[in-house]
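The values are calculated or read from the model by the stated rules, or taken from the named source; none is laboratory data. Every value quoted in this text rests on a predicted model; they were computed, and no experiment measured them. Here the Cβ positions follow ideal geometry from the backbone for every residue, glycine too, while neighbour counts run over all protein chains shown. Side chains included, ligands, DNA and RNA excluded: accessible areas come from the protein's heavy atoms. Shrake-Rupley method; radii C 1.70, N 1.55, O 1.52, S 1.80 Å.
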Amino acid sequence: MKIRVNRDVLADAVAWAARVLPSRPVMPVLSGLLLVAGEELSLSAFDYDVSAQARIDADVAETGGVLIPGRLLAEISRSLPGDEVQIVTEGQEAVLTCGSAEFGLITMPVEDFPTMPTMPPAVGAVGGGVFASAVGQVAPASSRDDTLPMLTGIRVDIEGETVTMAATDRYRIAARTFAWRPARPDVAVSAMVPARVLVEVAKSLRGGEVQIAMGDGVAGFESVGRSTTVRLLDEQFIDYRTRLTSDWSIRADVRVGPFVDAIKRVALVAERNTAIRLSFTQGQVTLRAGGGDIGRGTEVLECDLRGDDIEIAFQSQFLLDGLTGIETELARINMESPTRPALIQDVPGDADAAFRYLVMSLRLGS
């Protein structure tokens, strides 16, 4: 193999593909990036659960393939000078040259690299911005506890021209609904996708559309020359829709920006995992936290309250995760009592609001 490629393009593609490399590979070859030069240069990584492949333009003098330690290649690529990069295979080495810098990297047997999974059938497409926004809204509600795999995933429910993503860690539920372009009008698919993979896919989007594919226990995502496949989790999930629909006797509309800033300020004196209290009265909300060994904080903001006065408490970060998912100027906090969960959603707060976030309240102490 002998190729020349733009340094920035190479570094970007290597960094993107290398993100799925396992930190502790069960086999040495799984730590490698497979570079294959044909009409273009493809860079692939696969750990039997997640695959990533980037395709970039390159000047290919000799076709071929080489398996190079991926994390080392990523570190070298981003440290190179701004000249064109040449990669040539010579025996057991891949010689990488850029300007006056030269690296001879020991390669691994290409034939030992596992066969990359095929992309399942496409079920539709959505704009990259909408996809990234939806993932960013629901992913904070997913769990990091691998002992309960269901809670580490994002539920994707596809029904015709509508997609709903949802996640829960038992303490809150986040759901986002958006329109998309289905491959066929009657498509109906449900899947549990690992949240960490969807987050990485969303981070890497650079515009355009995201093609979504599903089939045989695998999901695939493709956009702008980059594709990812991932093995799906068990389909078991809670009935989140019924929990997000209710009649609320109290609702408060607040301006998202000032409210988020106030929560962050007041929470500075809250000890870890302690509550931040919200006292809603006609025309205002009072935020309180602290009162222990550190100190206390209080701030008052305007709000539009419909219903009875109420004092309710939340874990501050859970509250912030919901509010930062709101894309309108105002957020609506729907409440029933201090001991029941509250529903945060966009304003106007239609029953079919695009983003809904149900969060557990905390018991109010003395």
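Do we have any residue at all in the range 311-324 that's among the aliphatic types (A, V, I, L, M), assigned by the TED database to the domain that holds A267, open to solvent by less than 50 Å² (accessible area, probe 1.4 Å) and modelled with pLDDT under 95? For the range 311-324, residues among the aliphatic types (A, V, I, L, M), assigned by the TED database to the domain that holds A267, open to solvent by less than 50 Å² (accessible area, probe 1.4 Å) and modelled with pLDDT under 95: absent. Of all the criteria given as (1) assigned to a loop (DSSP other than H, G, I, E, B); (2) in the same structural domain as L21 (by the TED database); (3) under 28 Å from E200 (Cα atoms), the one not satisfied by D83 is (3). Filtering the range 309-323 to residues that are outside any strand (DSSP E or B) and more than 33 Å from the chain's Cα centre (by Cα) leaves only D309.
Residue by residue, here is whether (1) modelled with pLDDT under 95; (2) within 25 Å of the chain's Cα centre (by Cα); (3) under 18 Å from R243 (Cβ atoms) holds:
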residue: T281; (1), (2), (3): no, no, no
residue: C303; (1), (2), (3): no, no, no
residue: G307; (1), (2), (3): no, no, no
residue: T328; (1), (2), (3): yes, yes, no
residue: P348; (1), (2), (3): yes, no, no
residue: Y357; (1), (2), (3): no, yes, yes
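Would you check if there is a residue in the range 155-166 being surrounded by fewer than 22 Cβ atoms within 10 Å (Cβ to Cβ) and basic (K, R)? No: the range 155-166 contains no residue that is surrounded by fewer than 22 Cβ atoms within 10 Å (Cβ to Cβ) and basic (K, R). When the range 287-304 is filtered for residues that are assigned to a strand (DSSP E or B) and in contact with an Asp or Glu (Cβ under 8 Å, 6 or more places away or on another chain), the ones remaining, listed by number, are L287, G290, D304. When the test is whether a residue is at pLDDT below 95, within 30 Å of G38 (Cβ to Cβ), among the acidic types (D, E) and open to solvent by 10 Å² or more (accessible area, probe 1.4 Å), E90 passes it.
Go through the residues of the range 156-163 one by one and say whether even a single one is of a type in the set (A, V, I, L, M, F, W, C), more than 30 Å from S361 (Cβ to Cβ) and more than 12 Å from the chain's Cα centre (by Cα). Spell out the reasoning first.
First, the residues of the range 156-163 that are of a type in the set (A, V, I, L, M, F, W, C): 156, 158, 163.
Among the residues that remain, those that are also more than 30 Å from S361 (Cβ to Cβ) are: 158.
Filter again for more than 12 Å from the chain's Cα centre (by Cα), leaving 158.
Scanning the range 156-163, I find at least one residue that is of a type in the set (A, V, I, L, M, F, W, C), more than 30 Å from S361 (Cβ to Cβ) and more than 12 Å from the chain's Cα centre (by Cα), so the answer is yes.
So is T97 out of contact with any Lys or Arg (no Cβ under 9 Å at 6 or more places or on another chain), β-branched (V, I, T), farther than 25 Å from V230 by Cβ and open to solvent by 20 Å² or more (accessible area, probe 1.4 Å) or not? Yes.
Residues that are open to solvent by less than 20 Å² (accessible area, probe 1.4 Å) and closer than 30 Å to A15 by Cβ number at least 3 in the following strands (runs of 3 or more DSSP E) confined to the range 192-286: 209-215, 218-223, 226-231. Screening M108 on (1) of a type outside the set (K, R); (2) in contact with a strand residue (DSSP E or B) (Cβ under 9 Å, 6 or more places away or on another chain); (3) free of Cβ contacts under 8 Å to residues at least 60 places away in the same chain; (4) more than 23 Å from I212 (Cβ to Cβ) shows it passes everything except condition (3). Condition check for T162 on (1) on the phi < 0 side of the Ramachandran plot; (2) out of contact with any strand residue (DSSP E or B) (no Cβ under 7 Å at 6 or more places or on another chain): one failure, at (2).
How many residues does the range 18-46 contain that are out of contact with any helix residue (DSSP H, G or I) (no Cβ under 7 Å at 6 or more places or on another chain) and part of a loop (DSSP other than H, G, I, E, B)? Counting residues in the range 18-46 that are out of contact with any helix residue (DSSP H, G or I) (no Cβ under 7 Å at 6 or more places or on another chain) and part of a loop (DSSP other than H, G, I, E, B) gives 8.
Given the structure, is R71 open to solvent by 40 Å² or more (accessible area, probe 1.4 Å), in a loop (DSSP other than H, G, I, E, B) and charged (D, E, K, R)? So R71 does not fit the description; no.
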